[in-house]
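To start, the structure itself, in structure tokens.
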Amino acid sequence: MFQLGKEKVTYFEVLKRASSFLTKKGESAFVAEWLMRERLSWTKTDLVRHYSLIMPRKEIETFQVDIQQFTKGKPMQQIIGHDWFYNRKFSVTEDTLIPRPETEEWMDRLLKSLPNRPLKVLDIGTGTGVLAITQKLERPEDEVTAVDISRKALAVAKKNGENLQAQINWIESDLFEELTGQRFDLILSNPPYISQDEIGLMDQSVLDYEPKEALFAENEGLAIYERLAENISQYLNKEFMIALEIGYAQGEAVTKLFKEHLPAGKLEIWQDFSGLDRLVWIKS
């Protein structure tokens, strides 16, 4: 257990001891710094400026609890209650997935690829709302709708939208169910795509703390893509774009599905910074 005595200690000494404790546990020492900075809403420079100052007892006690929760498997983002995506702070809870760097990478590429005209955009399975909110704040002229089947996840997304002042049309919906008659220029989705067969390969903290309905899908992880492919054409404008995050081994299967249902679409697979297939990109 990470426990400091009652003596007065500086921020630097507390951080040093916590980093050493985590290293001995086989964890990254960086976690200690991240938890301290994010808990105190400090930049790296703020932390350095406080190194030689005595850390108040109340802050030490909170920090000790944070470190203990992390060593028990709770993700650091859920301990603090937020994460960062595209340089913005988003609330996260156990009802939402934690945003991944791979998603941020393809979103950045997508934003740089879009035409210079207002778009009607749909984000399916919005979770924390990172895709919808980023789209709207980076391209204020776009009209953005976001749907999720989870009422609890949608509540988190709405809160993030309010905090970041993004005007989004939030709808509780199972995919297209509540969108009858609407058509879109761009559809984004980071759906559940992990197969039940991959459970043994996953980090235990993900299994314990992130919502399984947002992680797993039937039929080797392809069930949601199958439903999307079967219905998506009636919700697309004549000129359209689709961005679907995928698992690293699903590129061929997902592109085959959408070639069948959108034969005129031009399909590409984008790889992430690890060289793994990460996104299926479809254009009219």
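The values are calculated or read from the model by the stated rules, or taken from the named source; none is laboratory data. Bear in mind that the values here come from a model prediction, so they are computed numbers and not experimental data. A quick note on method: Cβ atoms are made from the backbone with ideal geometry, for glycine too, and the neighbour counts reach across all protein chains shown. Note: accessible area is taken over every heavy atom of the protein model, side chains too, but ligands, DNA and RNA are not part of it. Shrake-Rupley method; radii C 1.70, N 1.55, O 1.52, S 1.80 Å.
Picking from GLN69, GLN3, GLN64, which residue would you name as being of a type outside the set (D, E, K, R), on the phi < 0 side of the Ramachandran plot, over 15 Å from the mean Cα position of the chain (by Cα) and not in a helix (DSSP H, G or I)? Can you show your working first?
Numbers: GLN69 fails: not in a helix (DSSP H, G or I); GLN64 fails: not in a helix (DSSP H, G or I).
Matching residue, one of GLN69, GLN3, GLN64: GLN3.
One residue is enough: does region 61-73 have a residue meeting the conditions closer than 30 Å to LEU111 by Cα and either aliphatic (A, V, I, L, M) or buried (at least 16 other Cβ atoms within 10 Å of the Cβ) (or both)?
Step one: list which residues in region 61-73 are closer than 30 Å to LEU111 by Cα, which gives none.
Within region 61-73 (the criterion being closer than 30 Å to LEU111 by Cα and either aliphatic (A, V, I, L, M) or buried (at least 16 other Cβ atoms within 10 Å of the Cβ) (or both)), the answer is no, since none of the residues qualifies.
Being surrounded by fewer than 19 Cβ atoms within 10 Å (Cβ to Cβ), among the hydrophobic types (A, V, I, L, M, F, W, C) and not in a loop (DSSP other than H, G, I, E, B) is the filter here; which residues of region 152-169 pass it?
So the first thing to find is which residues in region 152-169 are surrounded by fewer than 19 Cβ atoms within 10 Å (Cβ to Cβ), and the list is 152, 155, 158-159, 162-165, 167, 169.
Subsequent filtering for residues that are among the hydrophobic types (A, V, I, L, M, F, W, C) retains 155, 164.
Hit for region 152-169 is ALA155, nothing else.
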Could you list, in sequence order, all residues of region 7-30 that are under 19 Å from LYS74 (Cβ atoms) and open to solvent by less than 80 Å² (accessible area, probe 1.4 Å)?
ALA18, SER19, PHE21, LEU22, GLY26, GLU27, SER28, ALA29
Kindly establish whether THR96 is touching a helix residue (DSSP H, G or I) at 6+ places or on another chain (Cβ under 9 Å) and modelled with pLDDT of 95 or more.
no
Being touching an Asp or Glu at 6+ places or on another chain (Cβ under 7 Å), in a helix (DSSP H, G or I) and not small (Gly, Ala, Ser) is the filter here, so list the residues in region 107-150 that pass it.
LEU111, LEU131, GLN135, LYS136
Collect the residues in region 245-280 that are touching a residue at least 60 places away in the same chain (Cβ under 8 Å) and either in contact with a strand residue (DSSP E or B) (Cβ under 6 Å, 6 or more places away or on another chain) or part of a strand (DSSP E or B) (or both), keeping them in residue-number order.
GLU245, TRP270, ASP272, ARG278, LEU279
